[in-house]
1. Given [x] 26, 18, 17; [y] 28, 23, 13; [z] 28, 20, 16, which label gives semi-axes √(5λ) of the Cα gyration tensor in Å as computed from the coordinates?
2. Report in % the part of the accessible area of the stretch 1-158 that belongs to carbon and sulfur, leaving out ligands and nucleic acids; probe 1.4 Å.
3. All other residues with a Cβ under 12 Å from the Cβ of Thr75 taken together, and with Lys, Arg as +1 and Asp, Glu as -1, what is their net charge?
4. So what's the net charge close to Leu120: Lys and Arg +1, Asp and Glu -1, counting the other residues with Cβ under 14 Å from its Cβ?
5. For Lys137, go through the lysines and keep the ones whose alpha-carbon is under 16 Å away, minus same-chain ones fewer than eight residues off.
6. At 20 °C and 1.002 mPa s, grab the translational diffusion coefficient of the stretch 91-136 from Stokes-Einstein with a Kirkwood Rh over Cα pairs, rounded to a whole number in µm² per second.
7. Spelling out what I want: for every residue of the stretch 119-136, take phi, set θ = phi - 60°, compute 6.51 cos²θ - 1.76 cosθ + 1.60 (Karplus), and round to whole Hz; glycine and proline get x.
8. Expressed as a rounded percentage, what relative contact order does the chain have, with Cα pairs under 8 Å and six or more residues apart?
Amino acid sequence: MNPGLDKMGCLFASTGMSPGFWTALSLILAASSGLTYMSAIYFGSNWYLSSMAGSILLLFSGFFDIVDGCVARVTKQSSKKGAYLDSVFDKISESIIFIGLAIGGLANPIISQIAISISLLVGYTRAKSEAVGVDLKGVGIGERAERLLLVGIMGLIPVEGILQAAVILVCILAGITLFQRVSFTIQKL
């Protein structure tokens, strides 16, 4: 247990909102982030407004994705249903983010598709490995949180093409993580 996360869980639990509320809020913020990135297509030379606003929404989404688990733990409301929905919402969120970057012209559509594909494979390998009894918690240098944090932080930098670089880095990190997870699982079986 992490005392800082437990404190945060207690703080947000005191609002009376369930872990599911925080999970849904995280998804709504991620979808808003993706739509905001998408809006860059309409801003032309003011692309940075979409980049900055989308990245701020993405970082808030990531924060509330942490909050839901903290609230579930401190209120002892952790459940298989909640874990399942959290995982599914995470994949939906990640897809919306990369689609928004591609449609908004902030990242190359083909590279964004590669990022979505490898990212989804990273999650799939975890689920499949756990199904055969191999725990992959902490295996890999680029789990979902790290990948999206990278996009969120880099999107705040006012340099044209920075989100393209972020998506390329996501592809690399996710690819390495995919390799690490497959290798780890094969060794354990």
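1. [y]
2. Details: 5700 of 8170 Å².
C and S fraction of accessible area: 70 percent.
3. On the way: positive: Arg73, Lys76; negative: Asp6, Asp68.
Local charge sum for Thr75: 0.
4. Numbers: positive: Lys91, Arg126, Lys128, Arg144, Arg147, Arg181; negative: Asp90, Glu94, Glu143.
Result for the neighbourhood of Leu120: +3.
5. Partners within reach: Lys128, Lys188.
6. Working: Rh = 11.4 Å.
Taking Rh from Cα pairs, D becomes 189 µm²/s.
7. The phi angles translate into 4, 5, 5, 4, x, 5, 4, 5, 4, 5, 5, 5, 5, 9, x, 10, 7, 9 Hz.
8. Values: 267 pairs, mean separation 47.6, N = 189.
Contact order relative to length: 25 percent.
The values are calculated or read from the model by the stated rules, or taken from the named source; none is laboratory data. All of these numbers come straight from a predicted model, not from anything done at the bench. Don't worry about glycine lacking a Cβ; one is built from the backbone with ideal geometry, like all the others, and counts go over all protein chains shown. For the accessible areas, the whole protein counts, side chains as well, though only heavy atoms, and no ligand, DNA or RNA atoms are used. Shrake-Rupley method; radii C 1.70, N 1.55, O 1.52, S 1.80 Å.
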